[in-house]
Amino acid sequence: MPVAAPAPGPVRRSLFGLLVRNPLALTGLVVLVVLVLVAIFAGVLAPSDPIQPNLRMRNAPPGTPGAPLGGDGAGRDILSRLMYGTRLTLTGAALAILVAAVVGVPAGLVAGYRGRLFDAVASWVADVLLSVPGKVILLAVIAAFGPSVLITMSAFGVILSPHLYRLVRTQTIGVKNELYVDAATVAGLSDVRIVARHILSVVRAPIIIQSAILAGIAVIVQSGLEFLGLGDPSQVTWGSMLGNAFAVIYQAPTAMIWPGVAIGVTVASLVLLGNGLRDAVQGSTTAPRRPRRVRPTAASHAAASAASATGPDAASEALLDVRGLRVGYPRPDGDTTVVVDGVDLRLRRGEVLGLVGESGSGKTQTAFAVLGLLPRGGEVLGGSVVVNGEDIAGLSPAARRQLLRTTLAYVPQEPMSNLDPAFRVGQQLVEPLRVRGMARTAAKAKALDLLAEVGIPDPRRTFDSYPHQISGGMAQRVLIAGAISADPVLLIADEPTTALDVTVQAEVLSLLRRLQRERDMGVLLVTHNLGVVADICDTVAVMRSGRVVETAPVAELFANPQHEYTRALLDASLDDTEPRPALVPREHGAPDPRDAAGDRPSGPAAPDAPQPSTSRSVR
Amino acid sequence: MAMFIVRRLAFGVSLILFATTLTFFLVHRDGIEVARTILGESATQDAVLARSEALGLDRPVVVQFLSWLGDAVRGNLGTSYFSTDSVASILVSRTPVTLSIVAGGVLLTALVSVGLGMLAAVRGGWADRSVQVLSVLGMSLPNFWVALMFVLLFAVTWQIFPATGYVSPDVSATGWLASITLPVVALALSGIAAATQQVRGAVIDLLEADFVRTLRSRGIPERSILFRHALKNAASPALTVLSLQFIGLLGGAIVIEKVFALPGLGTTAVTATIRGDVPVLLGVVAVTVVIVVVVNLVIDIVNGWVNPKVTLQ
C-alpha cells in the first residue's frame, strides 16, 4: 500500500513539540540529557579517581564507605569508573551516527533524486554492507589500525550507513513524485534548493528516529568489543569494566551488574526516544482518514426512534431491516466520530436496493455494519440490523459466521486486494465450501461450476491461477462466484464495478443482474454511480453525512427527486441536463437559499428535514 | 526461478569477493614486520628476511592477494603464522560450534517472535503492552551481558548448566544440548525483540487487509484466517527478517563465545585479531561470508516457494 509522504510543514514545526508530549520519548530524552551531563562533569561528580587503584578496595562489596557500588578487581571505585565510562560510550555512539549520516544521507538523496547509475551502484554497496556480519569486518579494522575507539566506531558508522541510505532513498523517491516538487521544478528552483527545502524537511524526522535506534546498536557493539579486550586499554569503558568483572566472577559477582545496567539504561533511553518519536510522528501524519465527523443530534435520535416505531409487521417480511443504525469510531481524545447516524433501510427478497451518496457519506460503513465486519475500532453505537428475521447484534461470533455461510454474502469493491495473494483462486473458493462441510472433491467440482456460472471462459485454468495472474475483471467474477457459493438470499455489494474498466463494468453489472434474477436474491448495492442505480436497482436510498435523506423507487427518484441533495446529486451526474448549480454546501448550519425553509425543524440537522410525501418515505 | 537463483548467486559471489578483498588489504602488513612478530625481537635480520620470503610476503601485495585467492578457491587457506595448523583444519573444527549456536538462535528467534508477535497483534491490550515492554528490554540489554548474568545465575550460583566449554554432539547429544542452551538463549534475545516487533506489525497490517475482510465475509473461522492465511502471507517478509537476523547472530556469536569459552569462529577471530594472525582472520572472514551467502540463497529459494510472485520476477 502506498504510504502518503507526510507534509513537510507540520513535521518540521512540531518535531520537538511531539517529542515533549510523548511520555516515552520524553523519558528517553531526559535520561539521555542526564547521561550527557554526567559525561561532561564526570571529573566533578565522581567521588574517586577512576584509574588509581586502592588495594584495600579490591573486590569491595557494594555499600563500602567511599565506594557505594564496591571496588573492582584492582581496587578502583566502580561508581567513579561508571561515570567516566559514559564519556567514551557517548562519544563512540555519536561518532558512529555522524559517520553513518554523512555517508548514508547524501548518498540516499542523490540515489533517490537522480536514480540511474549512481542508484544502482550505491544500492549494490548497501546490499553488500548489510549482508556482511559487521563485527567480523570490525575485527579486521582493529587488526589493521589497532584498538582505537575513534577509528573502530567510524568504521562501524560506515557499516551502519546503509540503514540511513535506504531510508532516505525510499523517502526521497516518494517525495520526488509529489506535485509540489514538480511545481518547484517547473518554477525553476535548482536541484540543490529543492532537495534542501522540500526533501530534507520530509526525511528529517525518519532520520532522527532511525539514528536513535542505530545509536543504541552502536553502544552495544562498542561495549561488546571492549569486553573482548579490543577496546582502547588506556580508557575507562563500560565494556572493559564488564571484562574485568568477568575475570573475578567468583570473588565479586555483583561487579558485573552495574556496567550492564548502565549500558541497558543508555540503550533503552535511545530506543524509547526513537519509538516514542516514531509513534508521535506517525500518529500525527498517518491518522486514519475517516469520513468527516458528524455530531449526533437530538433530531436524529428522534427520527430513529420514530422510524423504529412504524409498523413491526413490515419487518416480518423484510429480508434486511435496518433501523436507527449508528456507527462510530472512538478518537484518541475520547470523543467518538459518528459516521453512520440513524440509518433506516428495508429490503425484500428479490429486491435490489441502491445505497448512493458521495465519498464519506457512510454508505460503505453501513454495509460493513450489516455484515458485522466493521474495521478495527468501529462499533455499532445504536439501532438494530435484522437479517432474515435474526437480529445480528444478539448473535455469537460463531452464529454470525453461520449466517455468513448460509444467508449473507459480500462482493467487495477492489477485486485485486480482496483475493488472498498467497493462495490459488481455486483454494480460496474451495475453503468456504469445505468449512460448510462439503467433501473435497465435491467442493472442487462446485467451485469449477461456480467459475463457469460467472462467465469465466476457462474455469480450470483460473482455478489453478494465483490472483496476480488474472485480470481485475476476472478477479471480480471470482469474488462474485465466492459470494454466491453460499447460495445467499442477501448479497451486499460494495461498489462492485468502481475499480474496473468501463467495458468490464457493464459485463459485471449484467452478471450481477442475471444472478440476482435467477437466484431471486435481495441485493444491497452500495454505489456512487447513478448510472448503475438506474440500470439495476428497484429502490434507492440516498445517503449524506451518515443519514438517509431520501428513499424512493428508482423511476420516481429520477423523475421527481424530493430532497435538495438528491437533486444536486442528479444534476451533478446526468450528462444531458442544464448547466449545474453548485452542490449543496455540506456543512450544516447556514440555511441554503434554495431549501424550502418553512417546514423543517430547527437545529443543525436542517437539510435532513422531512418533506410531505405519500408514495415514499423522505426524511 | 532459474534466472532468479543465478542472479542471487552472482550477488553472493560478488559479496564474497568484496569481503575478502577488503579484509585482505585492510590487514595486510609489511612482510619484515610480520616475520619479526613471529620470530620475536631476538631473531637475526637474516632469519627475519628468510621467514618473510618463505611466507611469500616479499612479493607485491596484489600478487600475494591473487595467489591467496587462487589457493582459497581450491580450499587451501594457508597456515597460521603462530602454529603449524592449516587454516582450513582450524576452521573445520571451529565452524560447527558457531553454527550450532547461531542455528539454534535463529530457530528460537523464529518460534518465539512469531508466537509473541501474533499474540500481541491479535490480543492487543495488556498482552500487547507486555510484549512491547519485553521487546524494548530485549533491545536494550546487551546480549553478552545477559550471557554473563546467565553464567552467574545458572552456572555459578545454581549450577544447572555448565558455565563454559563445548561438547560435540558426536560425544554426547545431551551434553551438546546443555552446552549450547545458555549461549543460544542469550544470543537470540535481541533478535527475538526486534523480530517480534516486525511480526506484530505485519500481522496487524494483514488482519486489516481487504482480503481478510472478504475471507471473514465467507464465514471462514478466525483460526484459519490467522494460522493459514495471515501466516502464509507473513512468511515471505518474515524470511527476509530471519536472513538479516542470521547475519546479526553470526556477529553476536563472537562475544557470546567468549563468555561461554566456546571454541568457535568468534574466539578464533578475536585471538587472531589480537595476535595479528592474518591467514586465520582472513579464513574466518571468508568462511563467515560463504555461510551467509549459502543461507541467504536457501532462504531465497524457500521464499520463491512460499511467495508465488517471486517466481515470475
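The C-beta contact set for the range A:527-546 (first residue over 24 Å from A:VAL327 (Cα atoms), second residue buried (at least 23 other Cβ atoms within 10 Å of the Cβ), distance under 6 angstrom, 6+ apart or interchain) comprises A:VAL533/A:GLY354; A:VAL533/A:VAL356; A:VAL533/A:VAL540; A:ILE536/A:VAL352; A:CYS537/A:VAL352; A:CYS537/A:GLY354; A:ASP538/A:VAL352. The set of residues in the range A:237-265 being in a helix (DSSP H, G or I), in contact (Cβ under 8 Å) with a residue 60 or more places away in the chain and not small (Gly, Ala, Ser) consists of A:TRP238, A:MET241, A:ASN244, A:THR254, A:TRP258, A:PRO259, A:ILE263, A:VAL265. So, A:GLY92, is that one in contact with a Pro (Cβ under 9 Å, 6 or more places away or on another chain) and under 19 Å from A:THR152 (Cβ atoms) or not? Considered against the rule, which asks whether it is in contact with a Pro (Cβ under 9 Å, 6 or more places away or on another chain) and under 19 Å from A:THR152 (Cβ atoms), A:GLY92 comes out as no. Of the residues screened, A:VAL386 is not one that is buried (at least 21 other Cβ atoms within 10 Å of the Cβ) and more than 8 Å from every other protein chain (Cβ to nearest Cβ). Comparison of A:ARG166, A:ARG193 shows that the only residue that is among the basic types (Lys, Arg) and modelled with pLDDT under 90 is A:ARG193. Taken together, the criteria place B:ASN233 among residues that are at pLDDT below 90, within 7 Å of chain A (Cβ to nearest Cβ) and touching a Leu at 6+ places or on another chain (Cβ under 6 Å). Between A:ALA393, A:ALA398, A:ALA318, the distinction of being of a type in the set (Gly, Ala, Ser), within 14 Å of chain B (Cβ to nearest Cβ) and at negative phi belongs to A:ALA398 only. If you go through the range A:239-255 and keep only what is buried (at least 24 other Cβ atoms within 10 Å of the Cβ) and either among the basic types (Lys, Arg) or within 9 Å of chain B (Cβ to nearest Cβ) (or both), you end up with A:GLY239, A:LEU242, A:ALA245. Each residue in the range B:193-210 was checked for being in contact with a Ser or Thr (Cβ under 6 Å, 6 or more places away or on another chain) and surrounded by fewer than 19 Cβ atoms within 10 Å (Cβ to Cβ), and 1 pass.
The residue that is nearest to the other protein chains (Cβ to nearest Cβ), among those in the range A:343-382 that are charged (D, E, K, R) and surrounded by fewer than 24 Cβ atoms within 10 Å (Cβ to Cβ), is A:ARG376. Buried (at least 19 other Cβ atoms within 10 Å of the Cβ) and either touching a Pro at 6+ places or on another chain (Cβ under 8 Å) or modelled with pLDDT under 85 (or both), is that true of A:GLY224? Considered against the rule, which asks whether it is buried (at least 19 other Cβ atoms within 10 Å of the Cβ) and either touching a Pro at 6+ places or on another chain (Cβ under 8 Å) or modelled with pLDDT under 85 (or both), A:GLY224 comes out as yes. Taking every residue in the range A:509-522 that is hydrophobic (A, V, I, L, M, F, W, C) and pairing it with any residue that is in a loop (DSSP other than H, G, I, E, B) and buried (at least 20 other Cβ atoms within 10 Å of the Cβ), at least 6 positions away or on another chain, the pairs with Cβ-Cβ distances below 8 Å are A:LEU509/A:PRO496; A:LEU509/A:THR497; A:LEU511/A:VAL454; A:LEU512/A:PRO496; A:LEU515/A:VAL454; A:LEU515/A:MET521; A:MET521/A:PRO488. Can you pull out the residues in the range A:140-158 that are within 41 Å of the chain's Cα centre (by Cα) and crowded, with 24+ Cβ neighbours inside 10 Å? Across the range A:140-158, the qualifying residues are A:THR152, A:MET153, A:PHE156, A:GLY157.
The residue that is nearest to B:ALA238 (Cα to Cα), among those in the range B:256-313 that are surrounded by fewer than 24 Cβ atoms within 10 Å (Cβ to Cβ) and among the small types (Gly, Ala, Ser), is B:GLY304. Filtering B:LEU244, B:LEU265, B:LEU282 for residues that are under 15 Å from the mean Cα position of the chain (by Cα), closer than 22 Å to B:THR21 by Cβ and either within 9 Å of chain A (Cβ to nearest Cβ) or among the hydrophobic types (A, V, I, L, M, F, W, C) (or both) leaves a single hit, B:LEU265.
Screening the range B:56-156 for helices (runs of 4 or more DSSP H) wholly inside it with 3 or more residues that are away from chain A (no Cβ under 13 Å) and farther than 17 Å from B:GLY191 by Cβ returns the ranges B:61-73, B:87-123, B:125-140. In the set A:ALA399, A:ALA393, which member is more than 30 Å from A:ASP535 (Cα to Cα) and free of Cβ contacts under 8 Å to residues at least 12 places away in the same chain? Matching residue, one of A:ALA399, A:ALA393: A:ALA399. For the range B:213-230, filtering for residues that are within 8 Å of chain A (Cβ to nearest Cβ) and either hydrophobic (A, V, I, L, M, F, W, C) or touching a residue at least 40 places away in the same chain (Cβ under 8 Å) (or both) leaves 2. Can you give me the ranges of the strands (runs of 3 or more DSSP E) entirely in the range A:320-376 with at least 3 residues that are within 28 Å of the chain's Cα centre (by Cα) and either farther than 15 Å from A:MET543 by Cβ or not charged (D, E, K, R) (or both)? Strands (runs of 3 or more DSSP E) meeting the threshold: A:320-330, A:336-347.
Conditions (1) on the phi > 0 side of the Ramachandran plot; (2) more than 14 Å from chain B (Cβ to nearest Cβ); (3) at pLDDT 85 or above, marked per residue:
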| site | (1), (2), (3) |
| --- | --- |
| A:LEU29 | no, yes, yes |
| A:ILE40 | no, yes, yes |
| A:GLN52 | no, yes, no |
| A:LEU55 | no, yes, no |
| A:ALA93 | no, no, yes |
| A:GLY115 | yes, yes, no |
| A:SER123 | no, no, yes |
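Exactly one residue out of B:ASN303, B:ASN296 is facing chain A (nearest Cβ under 10 Å), over 18 Å from B:SER93 (Cα atoms) and either in a helix (DSSP H, G or I) or of a type in the set (D, E, K, R) (or both): that is B:ASN296.
Checking the range A:492-506 against the condition returns a match, with at least one residue being in contact with a Leu (Cβ under 7 Å, 6 or more places away or on another chain), part of a strand (DSSP E or B) and within 27 Å of A:LEU408 (Cα to Cα). Residues that are surrounded by 20 or more Cβ atoms within 10 Å (Cβ to Cβ), within 14 Å of chain B (Cβ to nearest Cβ) and out of contact with any Ser or Thr (no Cβ under 8 Å at 6 or more places or on another chain) within the range A:427-465 comprise A:GLN428, A:VAL430, A:ALA443, listed in sequence order.
Scanning the range B:65-77 for residues that are surrounded by 13 or more Cβ atoms within 10 Å (Cβ to Cβ), over 16 Å from B:VAL280 (Cβ atoms) and either basic (Lys, Arg) or in contact (Cβ under 8 Å) with a residue 40 or more places away in the chain (or both) turns up B:PHE65, B:LEU69. Scanning the range A:449-495 for residues that are under 28 Å from the mean Cα position of the chain (by Cα) and β-branched (Val, Ile, Thr) gives A:ILE470, A:VAL478, A:ILE480, A:ILE492. Take the conditions within 14 Å of another protein chain (Cβ to nearest Cβ), within 32 Å of the chain's Cα centre (by Cα) and touching a residue at least 12 places away in the same chain (Cβ under 8 Å) and apply them to A:LEU164. Does it pass? Considered against the rule, which asks whether it is within 14 Å of another protein chain (Cβ to nearest Cβ), within 32 Å of the chain's Cα centre (by Cα) and touching a residue at least 12 places away in the same chain (Cβ under 8 Å), A:LEU164 comes out as no.
The values are calculated or read from the model by the stated rules, or taken from the named source; none is laboratory data. If you're wondering where the values come from, they're calculated on a predicted model, not measured in any experiment. Here the Cβ is made from the backbone with ideal geometry for all residues, glycine too, and neighbour counts use every protein chain on show.
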